[in-house]
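Peer 1: Have a look at this one before I ask anything.
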Amino acid sequence: MAIVKWDPFRDLVTLRQRLDKLFEEDFPRRSGVEVAESQWTPSVDIHETDKALVVTAELPGVDEKDIDIEVDGRDLVLKGKREFEKETKEENYQRIERSYGSFYRSFRLPDYVDVDHIEAKSEKGLLKITLPKRPELKPKRVKILPAPEGKK
């Protein structure tokens, strides 16, 4: 039996080769023409004001006609599609990191949202959906009264 000197760098090279092989098998390289459509998830921020809930979604490169906003029961559904734009000249892409394809987001709405008066605006790649609160169902703050003197 031969004694082999341990070389940690040889193990690292072997590990890298195995990982490269794994990724090449699972994620074959694609040219710009062969971009696969897949689901992607746009980033969304949700904040609340005294009068409304505001949903802001990042949708750069998505045409307004390709966005669908609907209320399904108590859910706000945001769905659409970002198309891959192929230029007229042939491109030789080395890497494509931007996501293309369909997207779907769903958010449960609180009971106090007035679904009949929802507004949506798109500007500079941001979709802003304003969900006003119904005045009669806005959460009410209850003030805690101090205990009467002598009772605790």
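Peer 1: Can you list residues whose amide H is under 5 Å from L59's amide H, if they're 5+ apart or on another chain and H is modeled 1.01 Å from N?
Peer 2: It is L126, L127, by chain and number.
Peer 1: For W6, W40, which order do you get if you count the other beta carbons within 10 Å of each Cβ and list the fewest first?
Peer 2: Final ranking by Cβ density, sparse to dense: W6, W40.
Peer 1: Can I ask one more? What is the sum of charges around L126, taking Lys and Arg as +1, Asp and Glu as -1, for the other residues whose C-beta is under 11 Å from the C-beta of L126?
Peer 2: Its environment carries a net charge of 0.
Every read-out reported here was derived from the displayed coordinates using simple, explicitly stated rules and does not represent laboratory data. Note that this is a predicted model, so its numbers are computed, not measured. As a convention, Cβ positions derive from the backbone with ideal geometry for all residues, glycine included, and neighbour counts pool all protein chains shown.
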